[in-house]
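Participant: Handing you this structure, nothing more for now.
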Amino acid sequence: MTVAATTAPVATVDEADGFRPDGLLRSLHDSWVITRRNLVRMFRIPEVLLLSLVQPVVFVLLFAYIFAGSFGIPGGGGTMAYREFMMPGFFAQTVAFVTAGTSSVSMATDLHRGMVDRFRSLPMARGALLTGRTAADFVQNLIVIAVMIGCALVVGWRIHHGILKAAGAFLLLLLLGYALSWIGVLIGLSVKSPEAAAGSNFIWLFPLTFLSNAFVAPATLPAVLRYAAEWNPISATVQACRDLFGNPGLTHSDVWPMQHATLVSVLWSVVVVAVCRTLAVRKYRSASS
């Protein structure tokens, strides 16, 4: 009696994750492995992290001790008032520049060296490489914010509304940084070299951070630029942080994002993560070195 052999199609990891109960656990495990890989690399080359902190610290010192006397803030105030006004802007700018820059350059480097092709050939969950990259950037932002808090305290910045509200402000900053890291990942997968990734960051990061309420009041801008600044996700986060920290210079505007800054900050971050992660995963499937 002959038994006919049947050959069942073998599901790939990506296909299986969509149907097996342990798909989520496998994805989390694979993402953790990639996160640990990126963190180990970061701590083995600490000068990269240290150099990324030099620029924001220098900017804070320059604005605090050289330019502060030349700027005004809504409601008036002297040099010390401007120093408190500017720090939420510097917190937001720092997490944007450090996180998005690291994500794009690191992802472009892995792509250029063929690491993306190697990871894609392994039996690992779809998107684990990308999630691990952004998770490592989240940890990096914790370190960056801790350093920036110390620098801010030195120049005279203070928290006036208690630790709990301040913790909420820092969570908004971390969420913003995580969202922008997905933009960096998408850029890193879209360019052909780390140099191109580094150069492309200036195209969108500088307008995003400086066309906002981070360092000047939107009321001082022309009408079109003022409208763009008030709808800027950086502006929403900075406005929410100033409110939660109790710092001076809140933007007084009838525009909805400025009136509901905390909600808008969260919404912007969630939308950016949802859109950019979807596009990055699709790009990851077809990206080649």
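Participant: Over the chain, calculate the relative contact order: mean separation of alpha carbon pairs under 8 Å at least 6 apart, over the residue count, as a percent.
Facilitator: Over the chain, the number comes to 26 percent.
Participant: Still on this structure, please answer the following. Where the accessible area of region 48-144 is counted over protein heavy atoms with a 1.4 Å probe, how much of it, in %, is carbon and sulfur?
Facilitator: Its accessible area is 67 percent carbon and sulfur atoms.
Participant: When N counts the residues of the chain, how does its alpha-carbon radius of gyration compare numerically with 2.2 N^0.38 Å, as a ratio?
Facilitator: In units of the 2.2 N^0.38 Å rule of thumb, it is 1.15.
Participant: Using a 1.4 Å probe and ignoring any ligands, DNA or RNA, find the accessible area of Cys241 and quote it in Å² to the nearest 10.
Facilitator: Around 0 Å² of this residue is reachable by solvent.
Participant: Go through region 89-97 residue by residue and turn each phi into a ³J(HN,Hα) via Karplus (6.51, -1.76, 1.60, θ = phi - 60°); whole Hz please, and just put x for glycine and proline.
Facilitator: Once rounded to whole Hz, the list reads x, 5, 4, 5, 4, 5, 5, 5, 5.
Participant: Where the accessible area of region 184-248 is counted over protein heavy atoms with a 1.4 Å probe, how much of it, in %, is carbon and sulfur?
Facilitator: 75 percent
Participant: Name the residues whose placed amide hydrogens come within less than 5 Å of the amide hydrogen of Asn213, ignoring near sequence neighbours (fewer than 5 apart) on the same chain.
Facilitator: Ser235
Participant: Helix-derived [θ] at 222 nm for the chain: sum -39500 (n - 2.57) over DSSP H runs of at least 4, divide by residue count, nearest 500?
Facilitator: Using -39500 (n - 2.57) per qualifying helix, the result is -24500 deg cm²/dmol.
Participant: Same structure again: Under a Cβ-only charge scheme (Lys and Arg +1, Asp and Glu -1), can you give me the dipole magnitude of the chain about the Cα centre, in debye to the nearest 20?
Facilitator: For the chain, the charge dipole is close to 460 debye.
Participant: Name the residue farthest towards the positive end of the dipole of the chain from the options Ala219, Phe90, Ile73, assuming +1 on Cβ of Lys and Arg, -1 on Cβ of Asp and Glu, about the Cα centre.
Facilitator: Of Ala219, Phe90, Ile73, it is Phe90.
Participant: Continuing with this model, one more query. Express the relative contact order of region 53-132 as a whole percentage, based on alpha carbon pairs under 8 Å and six or more residues apart in sequence.
Facilitator: 19 percent
Participant: Determine the per residue accessible area of the chain with all protein chains present and a 1.4 angstrom probe, expressed in square angstrom.
Facilitator: For the chain, the solvent-accessible area averages 49 Å² per residue.
Participant: Restrict the search to region 53-146; then list the chymotrypsin sites (Phe, Trp or Tyr not before Pro) that DSSP places in a loop and that have at most 11 other Cβ atoms within 10 Å of their Cβ.
Facilitator: In loop regions of region 53-146 (DSSP not H, G, I, E or B), there are no sparsely surrounded chymotrypsin sites (Phe, Trp or Tyr not before Pro).
Participant: Considering just Cα atoms, how many Å³ per residue does the convex hull of region 94-232 enclose?
Facilitator: It comes to 139 Å³ per residue, whole-number rounded.
Participant: Rounded to whole Å, give me the distance from the Cα center of region 160-190 to that of region 61-105.
Facilitator: 16 Å
The values are calculated or read from the model by the stated rules, or taken from the named source; none is laboratory data. Computed from a predicted structure; not experimentally measured. So basically every Cβ, Gly included, is an ideal-geometry build from the backbone, and we count neighbours across all protein chains shown. With ligands, DNA and RNA removed, areas are computed over all heavy atoms of the protein, side chains included. Shrake-Rupley method; radii C 1.70, N 1.55, O 1.52, S 1.80 Å.
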